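Contents: one structure, followed by commentary.
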C-alpha cells in the first residue's frame, strides 16, 4: 500500500477497486447519533498450521492413478488432479483415510499431488511428496491480514443507527481478503467499502470462518467503546442491538454462568501490577450443507456397511456416520462399519465451512430409512402379514398385537440368506438447517510490569441444533477457542519487506498457544433438536480474540487495536497512556 511499492501485476494496481455493500442512509444515520466512535484496527496474517503438512502418495495401477492425499475434499482433488494431468476423472482414485487437520487450507487439489503423480509415472514406482513446514508456510494459504477504519454511531438510548467502514486485506497474489463487517448487530444504515491488496506472497485460502475473526476484533471493541460512552453495561448494550432470538438467550445464559455481575465497571482500577478484566463477544456463521449421497449395505450376518465419499478431518465424521445409521436401525454402533474418505464412494462435498454434518447426516438417515423399509417388507413376508403390521423396536421387529412374534437384529438379517441388501439415498430437506449463533465470555489477567496477558477462563455458549455426539462437539468448540486465543496473543507471520521471504516458517519462531496457554474452558451446548443438524466448526473461533481484547481493556484501561496482543504492545500502550497523561 505504500507509495512506490513494487507492483505485483503489470496490468493491475496493487490496491484493487473497492467493493461496496450499503443499506439505508449513512449520513442521516450519523446525524441521529448521540455518540460516535471512530477507530483504526489491524490484524495479522495467520497460517493454518496443520499438524500434518500438505502432501500426497501417488501410485499408478496401469492407466489409473491412485492418490493417498491429505485433503478435505477427495472428490474435489479427483477432479482437480484429473484436470492438471488431462486425464478422465474415472482414471483417478483419491483416498484419505485419516488426516491431521486442514482448517480450510486443504479444500482444493494441490500442485504437489499432480507433481507426485507425474514423478510416479516416470519412476514406475509409488512416490511420496510431502511439503516441508517452510513450504507449507509460504504457499498453502493463510488467513489474510487487515487494516480497518470504522465509524459507528448510536443514540443515547443505546440503539445503533449508523456504521461506516473502509477495510483493506492482503491475500498475497490472490483475492478474497474480505472482512465480514458489521457481522452480528442490527444497524439500519451502513456502508462497507473493502479493497483487496496484492503483495508478493502466497495467496490466501479459506481459514475457519473466513473474514469473521478480523471483523469481530474491531466491531466488538467498538461496541464496548460505545457502551462506555453511553455509561451502559456492554452486555446490556448488546442485548439492545442483537436481533437474534437464540443469541438473546445465549447472552443471558452465558452471563449468568460466567458471573458477569463480578465485572469491575471502572477499567484499570484494580490495585497492584496484575489486573483482572472481563470481556464478551458474539459469533455468527451462515452455511448449512447439501448434496451428499450414501450407500448402505446390510449383510446376512448383521453387519451394516455405510459408504459415503466424505472425509474425516479430525472432527469425528466416522463416528457421526455410524451413530446416525445405528440410531435409525435401533442397533448398537458395533454393528456398523462406516467407510468414508474414498472418491469411489457416493459423492459428498468438501469438509469445510461447517457443512459436513448438515450434509452427511441427512443423507445417511435417508439411505438407512430406505434400507429399513426393505427389512420391514422382508419381515412381513416372513410372517405372512401386511407390512403395516410390522413394528420396529430397538434391536428387533415385532408383529403388532402378537408380541410373541418377533425377530432380533441377527435373525432379521439372516432372512437375507446370501444376498446383501443395498440401498442408495441422498441429502433431503428438513433434517438440517443453516445459521449458527454463539457468544463467549472471557476472564484475563494482565501483568502491567511485563505486559503478559493470561487468559484465565472462557465460557462459551454454542448453538448446536441436534447434537450428534457431545464429545466430538465439545472437542470442536475447545479447538476453536484455543485457536482463537492463539490468534489473539501469539500467531503472526513475519515477512521481509524487501525480499518477501517468510522469516518465521517454523514453530520455534511462529508462536502458537499450547497447553500452558490453554485456560479453563466451560462449554454450554445450547441444543435445539427441532432445528436438525447444524455445523459448529467455524463459530467457536470467531469471538475469542475480541472477547480477550475487551477483557484486556477492562483490566488495564487501554485499548489494544492491533493483533496479536503481545507483551511489547501491551507495554507500549501503557506507556503511551502515561505519556498522554503527562502531556495533558
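We did not get these values from a lab; they are worked out from the coordinates using the rules stated. All of these numbers come straight from a predicted model, not from anything done at the bench. Positions of Cβ are backbone-derived with ideal geometry, glycine not excepted, and every protein chain shown enters the neighbour counts.
Take every pair of alpha-carbon atoms less than 8 Å apart whose residues are at least six positions apart; their mean separation over the length of segment 10-164 yields a relative contact order of 37 percent.
Distance between the pseudo-spin-label points of residue 518 and residue 410 (7 Å out from Cα toward the beta carbon): 4.1 nm. Stokes-Einstein diffusion of the chain at 10 °C, 1.306 mPa s viscosity, Kirkwood radius from Cα pairs, rounded to a whole number: 61 µm²/s. Set against the 2.2 N^0.38 Å expectation for a compact globular protein, segment 430-485 has a Cα radius of gyration ratio of 1.51.
Taking every DSSP bridge with both residues inside the chain, close to 75 percent are antiparallel. Look at 246, 71, 450 and count the other Cβ atoms within 10 Å of each Cβ; fewest to most, that gives 450, 246, 71. Ordered from longest to shortest, the equivalent ellipsoid semi-axes for segment 55-130 are 19, 13, 10 Å, each the square root of 5 times a Cα gyration tensor eigenvalue. Compactness ratio for segment 293-426: Cα radius of gyration over 2.2 N^0.38 Å (N = residue count) comes to 1.09. Apply the a/c threshold of 1.5 to the C-alpha gyration tensor of segment 497-584 and tell me whether it is rounded, prolate or oblate. Note, shape of segment 497-584 comes out oblate.
May I ask for the angle, rounded to the nearest 10°, between helix 567-583 and the longest principal axis of the chain, with both axes built from Cα atoms and the value confined to 0 to 90°? Roughly 30 degrees, rounded to the nearest 10. As a calculated quantity, the FRET efficiency between residue 424 and residue 63 at R0 = 30 Å, using C-beta atoms, amounts to about 0.60. Within segment 293-426, antiparallel bridges make up roughly 80 percent of the DSSP beta bridges whose residues both belong there.
Against the chain, whose longest principal axis is taken from its Cα atoms, helix 544-556 shows a tilt of about 30°. Using the Cα coordinates of segment 351-438, the gyration tensor eigenvalues translate into equivalent-ellipsoid semi-axes of 33, 15, 11 Å, sorted from longest to shortest. The long axis of helix 245-258 is offset from the longest Cα principal axis of the chain by roughly 70 degrees. With both labels modelled 7 Å from their Cα along Cα-to-Cβ, the residue 256 to residue 503 distance reads 5.1 nm. Across segment 227-360, the volume of the C-alpha convex hull divided among the residues equals 183 Å³ per residue. Between residue 87 and residue 125, the contour length at 0.36 nm per residue exceeds the alpha carbon distance by 11.8 nm. Taking 0.36 nm per residue of separation and subtracting the current Cα-Cα distance, fully stretching the chain between residue 475 and residue 496 would add 3.9 nm.
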